[in-house]
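Just so it is clear, none of the values below were taken in a lab; they were calculated from the coordinates. What you are looking at is a predicted structure, and each value in this text was computed from that prediction instead of being measured. For neighbour counting, all protein chains shown are included, and Cβ atoms are generated from backbone atoms with ideal geometry for every residue, glycine included.
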Amino acid sequence: MAHSVDAPTPQSLADLVARCDQINRFEMQLTAAEESRVAALASGILVMRNVLELEPVDAEKLPVHQGRIPHWKLTGGHLREAGTPAIHSLRGVLALDEHEQVKVLTNRKWGGGWGSVALWRSGVHGLTAAAMLEYLARLVAMAQRRAPEAARKLLARSEALAATRDLMDEGPRPRSG
């Protein structure tokens with residue numbers, strides 16, 4: 001006994017393909033916009049690195065070509081509180097370099113070095129642009145909360161420095177030589 005199958009018409013298939021094409025195009029545009037926003041947040045976080053107390057990555061623990069420029073850890077330690085499920089499940093460490101690029105450090109070696117450094121893009125090591133955007137936004141919020149205390153510490157240092165002004169002789173100090 002033959003079962004009847006409702007086959008879509010060529011027009012309905014063409015409509016479905018067109019809708020799927022639009023969805024794909026929109027998804028690509030959205031990902032590009034998210035990646036652009038991630039780059040902007042990374043740029044800001046580089047400036048905020050002292051307020052966030054980002055830990056430097058030891059250059060000797062990076063592959064030679066990566067170790068030539070400074071990197072700071074974006075995950076781990078006190079930053080763990082900003083973590084999201086996607087960040088916590090990452091098998092490696094996020095880092096930010098002085099060129100404002102987010103990288104994923106993976107394949108930790110016996111001596112503590114990183115065997116692989118990948119420039120982050122949406123989907124690298126399973127980390128989507130949306131997940132990265134959420135995490136970096138949390139880091140920016142953390143910096144905003146920490147900024148007043150960081151400013152107070154700098155003010156105290158400045159006041160201590162100013163208090164020593166009267167202890168110094170007037171005029172240029174002689175050089176010892």
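Points to keep in mind about this one:
- Take 98-110, 143-155 and order them by the average number of nearby Cβ atoms within 10 Å per residue, most first; the result is 98-110, 143-155.
- Seen from a random direction on average, the alpha-carbon convex hull of segment 43-156 projects onto 7.4 square nanometres.
- Alpha-carbon centroid distance for the pair segment 24-79 / segment 106-152, whole angstrom: 6
- Degrees, to the nearest 10: 10-47 long Cα axis against longest axis of the chain: 0
- Förster-model FRET efficiency, 25 Å R0, HIS78 and LEU155, C-beta, rounded to 0.05: 0.65
- Remark: segment 61-75, residue by residue, has Karplus-estimated 3J(HN,Hα) of 8, 9, x, 3, 5, 8, x, 6, 10, x, 10, 10, 6, 9, 9 Hz, where x stands for each Gly or Pro and the curve is 6.51 cos²θ - 1.76 cosθ + 1.60 at θ = phi - 60°.
- Residues of type lysines that LYS103 reaches as a straight line, Cα spacing below 17 Å, ignoring anything fewer than 8 places off in the same chain: LYS61, LYS73
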